[in-house]
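Engineer: Quick one: the structure is below, questions incoming.
The values are calculated or read from the model by the stated rules, or taken from the named source; none is laboratory data. All of these numbers come straight from a predicted model, not from anything done at the bench. Using ideal geometry, Cβ is built from the backbone for each residue, glycine included, and neighbour counts are taken over all protein chains shown.
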Ligand code: AMP
């Protein structure tokens, strides 16, 4: 087995790796680091969770340790599709570069230009940026890219999804032809292949196996059902999600709930909070500081459930997530692989549940084709919502029942999760949340097939088999469930 000491990294980098506690390089590291150290271009076909971040940052640190930065002329550039991902690369960088003197700047939206300008003016060795913000700085005449020796493109397939490919091409053209390029993508769409052919020179191709096809420690389930109409459908989805969450209380330590649309991230968050769950949300329209706060809260276990869109959650390194819930079937089948790859990491057990309405069946078919196995159907989730943990209707302040504007609702409601816990006006709700959080972690599961909880508002479909596609349930009208009623407005 390859050891870190076999890869040719400097003692200072090896010392930092030892401090982080890594024993052996992951396959992508073992294969990508030696050619990167030789100065070769690398095309890494790997997704998050494979250790690819260290795969490109370690050789960069090793190489940049020699030489010095000049004002406004960074020596290396890492492009990442989202602010969170860029921030995460920066965090990794700081860890691995702790014994080497290198200056770094993180150029992401939501942070003042002035601060970033000051850093660039002083001269940085490493620039970590999202493409849009980088070009903003360039266009303001504050940055020269002609000193770039190493350029990294991370998560190129996501760049493609987000429409960043023209920006990436432009940035490539602003950097010297002699640069070294390290390029990472989970998939090789034709457009990605074209870019690599145009901008990489005779790259070493390194490919690591897909997580979804190899990870046997993730228990996957899909719950297919249909509803009589659109309005009930949305509510049924939320009810089903909660029922599944409750059924998992024994193993659920924390979970990510993925929605396809930002508006649904907001709605699901609001609904979960109303039902007393300890939840937060991230998506691209939310303020950057808020997103970071939520993410930190989730990492520190202050937030148990994270509702997220794909873009915001892409590549985020959140170790030890026990559950992934696909509130929607992802439209791009690769996203299923990315989403469920958030759980079952490093040999741990993981659970991945997905809700599927009839109109999503076509996407489910594509996913099953991609992962090359049928996803087992979920028959009847065990529903457990002890009455005592539900938000009591009468205790609610009146304004809480009003629908808040979608976009700003979560940001306003829980701008600072820690602070909110202290707010007296919301203490009842927060006690609910805390209770819920503790109960979800601690309380014992009832015998299987016992359908419990939901108070007096148990929707009829919850008591039936979940093979709704065939059985056509007769759910209760949403107005029966006051706690969720405003969501449907
Ligand atoms: P990444 O794919 O870069 O997002 O990395 C996924 C996770 O693997 C992160 O939590 C890293 O800290 C961790 N990791 C990276 N390299 C190693 C290694 N050689 N041994 C153990 N864990 C690692």
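Engineer: Quick test for you: out of 56, 138, pick the one residue that is more than 16 Å from the ligand (Cβ to nearest atom) and either in contact (Cβ under 8 Å) with a residue 24 or more places away in the chain or more than 24 Å from residue 176 (Cβ to Cβ) (or both).
Structural biologist: Just a single option satisfies the conditions, and that option is 138.
Engineer: Then there is this: Checking residue 115 against (1) in a loop (DSSP other than H, G, I, E, B); (2) at pLDDT below 95; (3) away from the ligand (no atom under 13 Å from the Cβ), which single condition isn't satisfied?
Structural biologist: (1)
Rundown of residues vs (1) free of Cβ contacts under 8 Å to residues at least 40 places away in the same chain; (2) assigned to a helix (DSSP H, G or I), yes/no style:
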{"position": "98", "(1), (2)": "no, no"}
{"position": "120", "(1), (2)": "no, yes"}
{"position": "187", "(1), (2)": "no, no"}
{"position": "193", "(1), (2)": "yes, yes"}
{"position": "205", "(1), (2)": "no, no"}
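Engineer: I'm told residue 247 meets every condition in (1) within 21 Å of the chain's Cα centre (by Cα); (2) under 27 Å from residue 373 (Cα atoms) except one. Can you identify the failing condition by its number?
Structural biologist: (1) is the only condition that residue 247 fails.
Engineer: Out of the residues in segment 100-118 that are in contact (Cβ under 8 Å) with a residue 40 or more places away in the chain and within 19 Å of residue 68 (Cβ to Cβ), state the one that is nearest to the chain's Cα centre (by Cα).
Structural biologist: We begin by selecting, within segment 100-118, every residue in contact (Cβ under 8 Å) with a residue 40 or more places away in the chain; these are 100, 102, 108-111.
Now restrict to residues that are within 19 Å of residue 68 (Cβ to Cβ): 100, 102.
Working: 100: 30, 102: 28 Å.
Per the criteria, the residue is 102.
Engineer: Does residue 90 satisfy the condition of being in contact with a strand residue (DSSP E or B) (Cβ under 6 Å, 6 or more places away or on another chain) and in contact (Cβ under 8 Å) with a residue 24 or more places away in the chain?
Structural biologist: It is true that residue 90 is in contact with a strand residue (DSSP E or B) (Cβ under 6 Å, 6 or more places away or on another chain) and in contact (Cβ under 8 Å) with a residue 24 or more places away in the chain.
Engineer: Within the set of pairs 6+ apart or on separate chains, which have a first residue in segment 13-31 that is farther than 13 Å from residue 55 by Cα, a second that is more than 12 Å from the ligand (Cβ to nearest atom), and C-beta atoms under 6 Å apart?
Structural biologist: Close Cβ pairs satisfying both conditions: 15/99; 16/98; 16/99.
Engineer: Additional query: Just give me the residues in segment 65-86 being within 14 Å of the ligand (Cβ to nearest atom), in contact with a helix residue (DSSP H, G or I) (Cβ under 7 Å, 6 or more places away or on another chain) and outside any loop (DSSP other than H, G, I, E, B), in sequence order.
Structural biologist: 78, 84
Engineer: When segment 23-52 is examined, which residues are found to be within 7 Å of the ligand (Cβ to nearest atom), crowded, with 17+ Cβ neighbours inside 10 Å and not in a helix (DSSP H, G or I)? Write out each step before concluding.
Structural biologist: Filtering segment 23-52 down to residues within 7 Å of the ligand (Cβ to nearest atom) leaves 23-26, 29, 48-52.
When the remaining residues are screened for being crowded, with 17+ Cβ neighbours inside 10 Å, the result is 25-26, 29, 48-52.
Passing the criteria: 25, 26, 48, 49, 50, 51.
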